[in-house]
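A short worksheet on the structure shown next.
Computed from the coordinates by the stated procedures, all read-outs in this text should not be read as laboratory data. On a predicted model such as this, the values are computed, not experimentally measured, just so you know. Cβ coordinates were reconstructed from backbone atoms using ideal geometry, including for glycine residues, and neighbour counts include every protein chain displayed.
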Amino acid sequence: MSLHVLTGKGGTGKTTVAAAMAVALAAPGRRVLLVEVEGRQGISQVLDVAPLGTEERTVTAGLAGGEVTGLSVEPSAAFVEYLRRFYRIGGSATGGLLRRAGVVEFATTVAPGVRDVLLTGKVYDEVRRYDEVVLDAPPTGRIGRFLDVSRHLADLARVGPVHRHARVVRDLLHSPATRVHVVTTLEPMPVQETTEALAELRESGLPLGSVVVNRVRSLQDAAVLIDGLPTEALVARELAAARLDPALASSLLAGGREAIARWEQEHTLGAEVAGLGRPVLHLDEMAEGIGPGEVHALAHQLREQGWGG
Amino acid sequence: MGRVIRLEDLEVLVCCGAGGVGKTTTAAALGVHAAAHGRRVVVLTVDPARRLTQALGLPGLGHEPRPVSGVGGAGGGSLDASVLDMRQTFDDVVRAHAPEGTAHRVLDNPVYQTLSTSFAGTQEYMAMERLGQLRDEAAATGRWDLIIVDTPPSRTALDFLDAPRRLGAFLDGRLARTLARPARMGGSVLEATLGRLVGRGLLADVRAFVSATDTVFVGFRDRAEATAGRLRQPGTAFLVVATPERDALREASYFVQRLHEDALPLGGVVVNRVVLGTGELSAGRAEAAAEQVSDPVVAALLRVHADRADTARRQQRLVRAFRSGRPGLASVQVAERPDVVDLPGLAGLAEDVLAPG
Ligand SMILES: Nc1ncnc2c1ncn2[C@@H]1O[C@H](COP(=O)(O)OP(=O)(O)OP(=O)(O)O)[C@@H](O)[C@H]1O
Ligand SMILES: Nc1ncnc2c1ncn2[C@@H]1O[C@H](COP(=O)(O)OP(=O)(O)O)[C@@H](O)[C@H]1O
Ligand SMILES: [Mg+2]
Ligand SMILES: [Mg+2]
């Protein structure tokens, strides 16, 4: 049983990478769960399947056979389940009553940390039932608070079943069975947030995993250009020789300058990421966008880099 | 197609869209442009990139609007910039509405402290509230004649428009009443359950918060509705920003639809960070030529071009599909630029936004 937690700046590819990791891990006899906690239906969009509910369902096959199960954890369902389990307050009637009174809304959105305790608690239950759980977690700005349930424990019941449960959840999240991976792209803001998130997670004593650099473009051609661009006259001559309009030279050179600038930026940011002291994984930009086929291709790239073996 | 907006006609402009598409950059760029054309502008940004605050020459940008130097000048224009500070804005609301001498009871309450920074939707609501504050100040002092507001990076467009109602619904207090009067039917079960789940101390804080805020929040929702209502007045426009990617355009579609349903004035859609200007040489021909030329650097230039042309083709396919479903919607494409790092770069971006579509 192990837990892979994916965070990163919004839009960098947390959901995509979480799905790829789940696919890379699944194999015959190795049960893998891919779970999301924000009700965004990101998993079903990425894998192109019907929206996920609170019931587990097979969402795709694993790279080496087997299958990936998907689940969307929802705080109010988790809350009602909690009540049933710990207080034997049963049945949908109770859920309805609590909902009408606004209690579920209160406990799941307003009460400090309760929502996160419920969500991580539910994830913990799942981790015990699967060999591998991959969690599409909240973005960098909220990840520390989300995972650091232990800090909220003091505010909660000091005794009783909830207290005990929250403590085992905290122990799991701080154990070697857990890995927190940060997804980034080679742009300034995502890298900055990655640096900040790693520092925060380290501070909380949460076990760090890899930094995943997502959407890597081939810069082979740009690398040829960095030693200096040819003159416009030379480019024009070569274009004419290839029976192309020599007037295109200036636009080609402008494109070249842009490629160099991007190369330099990615080079600097890549070095910054390499200096963060975590293993780095690279995933290619998929030109046609993301669907189940691309997720499998990305899973393959993870395996080629020795991840999840 | 028409322009997405004409700044001359506007007093308030709201930039919205998915996270990372360039809302904040666009808002700042339009501010720079308008100031250069004689407007007295204030831009409210949310989470600006470090590079942007550097471009504005205001590394320590905060809640209070501060003048950006090097814009405006002869035409009498000016640009002030600020960053949304949720906590500060919320505190101002409390101070404005709390009865004499009771504000501190709210401000010191731990539940308020959590609510004011982490309730889902607070940031969205506070962006609107802050717009109301800036509007009041503009009306009272004449300091600004154009307010440009950036919005929080909510991936789902709906958050931004729904947040005031959701926050209002909570503060308005069905639950508040349940908690204040635990003896109601079912109250004992709720009370016991909640108490055991979240701790009695917290429950007591909630109760204190609810009673202390009763008066404060009477005016709260009215204010939210008034702010939203004013967005429908002439002189206001929304600008939806997207990038030429499937998800961002899908998000833009939701937004366009939602603004329409709510009768909010949509200026148009800005498709930002588009690869433009590759049309004269197709990817295929560039690839083929790269095989022919003798100079390896020129070959690399041709392959770089082929890549860009390929990206451009895919982007245009997405943009066409997006536009074809919405005839009559004004939209404009803005180039991916290497230079949004200084004021001239921002001004250039604004020119693109304001060009006839
Ligand atoms: N390797 C890749 N190649 C091409 N496109 C990608 C890649 N990874 C992600 N994307 C695209 O980037 C966008 C954001 O990806 P995704 O939804 O996985 O990010 P996220 O971090 O989960 O976002 P959010 O913060 O909104 O949850 C999507 O349009 C996705 O298709
Ligand atoms: N037209 C553009 N060309 C190049 N980079 C851009 C352009 N527009 C925005 N950016 C860059 O994209 C990043 C995200 O922009 P930002 O305005 O912060 O997005 P948002 O406010 O929507 O989250 C910033 O680094 C910004 O410099
Ligand atoms: Mg996601
Ligand atoms: Mg922004």
- Query: Amide H neighbours of B:Ser331 under 5 Å, counting only residues 5+ apart in sequence or on other chains, H built in-plane at 1.01 Å?
  - Reply: B:Val269
- Task: Please list the non-local residues whose amide H lies under 5 Å from the amide H of B:Glu336, H modeled 1.01 Å from N, same-chain partners needing a gap of 5 or more.
- Result: B:Arg273, B:Val274, B:Val275, B:Leu276
- Across the residues of B:284-294, average count of Cβ atoms on other protein chains within 10 Å? 3
- Compactness check, chain A: C-alpha Rg relative to the 2.2 N^0.38 Å globular estimate gives 1.21
- Using alpha carbon positions and the Kirkwood radius, the Rg to Rh ratio of the stretch A:223-309 is 1.15
- Query: Amide H of B:Ser78: which non-local residues (sequence gap of 5 or more, or other chain) have their own amide H closer than 5 Å, using H built in the peptide plane?
  - Reply: B:Arg39, B:Arg40, B:Val41
- Message: On C-alpha positions alone, give me the angle between the axis of helix A:91-100 and the longest principal axis of chain A, in degrees, nearest 10.
- Response: 70
- Query: Quick one: helix A:292-304 against the long Cα principal axis of chain A, what's the angle to the nearest 10°, folded into 0 to 90?
  - Reply: 80
- Residues in the stretch A:224-259, backbone N under 20 Å from the label point at B:Ala288 (7 Å along the Cα-to-beta-carbon vector): list them, ranges by number please. A:236-249, A:252
- Calculate the length of the line joining the C-alpha centroid of the stretch A:5-79 to that of the stretch B:243-269, in whole Å. 28
- Message: Can you give me the distance in nm between label points at B:Arg95 and A:Ser204, each placed 7 Å from the Cα along the Cα-to-Cβ direction?
- Response: 3.2
- Query: With each label point set 7 Å from Cα along the Cα-Cβ vector, what nm distance links B:Glu11 and A:Arg167?
  - Reply: 6.1
- Item | the stretch A:217-289: trypsin sites (Lys or Arg not before Pro) falling in loop per DSSP and having at most 12 other Cβ within 10 Å | A:Arg243
- Message: For a quick check, take a GNM of chain A with Cα springs below 10 Å and name the residue from A:Gly289, A:Gly141, A:Gly121 with the largest mean-square fluctuation.
- Response: A:Gly289
- Note on the structure: Longest principal axis of chain A (C-alpha) makes with the long axis of helix A:188-203 (C-alpha) an angle, in degrees to the nearest 10, of 40
- Gaussian network model of chain A, Cα within-10 Å springs - most flexible of A:Val235, A:Val32, A:Val211: A:Val235
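Pull out the extension gain between A:Glu285 and A:Ala233, defined as 0.36 nm times the separation in residues minus the alpha carbon to alpha carbon distance; nm, one decimal.
15.3 nm
Could you quote the convex hull projected area for the stretch B:1-125, Cα atoms only and averaged over all directions, in nm²?
Average projection, Cα convex hull of the stretch B:1-125: 10.2 nm².
Take peptide A:254-266, look around each residue's Cβ out to 10 angstrom, count Cβ atoms belonging to other protein chains, and average those counts.
Working: counts 3, 13, 7, 2, 7, 8, 2, 2, 3, 0, 0, 1, 0.
Across A:254-266, the average partner-chain Cβ count within 10 Å equals 4.
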- Task: Please identify which residues in the stretch A:183-222 have an amide N closer than 14 Å to a label point set 7 Å out from the Cα of A:Arg30, following the Cα→Cβ vector.
- Result: none
- Mind checking the mean number of beta-carbon atoms from other chains within 10 Å of the Cβ atoms in A:221-227? 4
